[in-house]
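Just so it is clear, none of the values below were taken in a lab; they were calculated from the coordinates. The structure displayed is predicted, hence computed values, not measured ones. Cβ coordinates were reconstructed from backbone atoms using ideal geometry, including for glycine residues, and neighbour counts include every protein chain displayed.
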Amino acid sequence: MGAAYTRRVPDPALPSAACPLCGQPNRCAMELERATGEKQPPCWCTRAEFRPELLARVPEAARGRACICARCAAGAPAA
């Protein structure tokens, strides 16, 4: 991370459609299906591997409530 990089402090009260690490939309197909009732293809996250150190960064109050976005899962800084 460069000196110009800043990350928003995540809010555990964020909706389940927001990444608990950066607050950006997580684009989770499972959440979209739950919210709309429309069948979705399998989500990218069902095939992804999440490093333990990444999962440890999720605030405890937000664990199990929202998916990490693909950008955070890949280790890239939020836009």
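Going by how many other beta carbons lie within 10 Å of each one, how would you line up Arg57, Arg51, Arg27, fewest first?
Details: Arg57 13, Arg51 10, Arg27 16.
Exposure proxy ranking, most exposed first: Arg51, Arg57, Arg27.
Could I have the simple spin-label model distance between Ala61 and Thr36, label points 7 Å from Cα toward Cβ, reported in nm to one decimal?
Each label point is offset 7 Å from its Cα along the Cβ direction, giving 3.1 nm.
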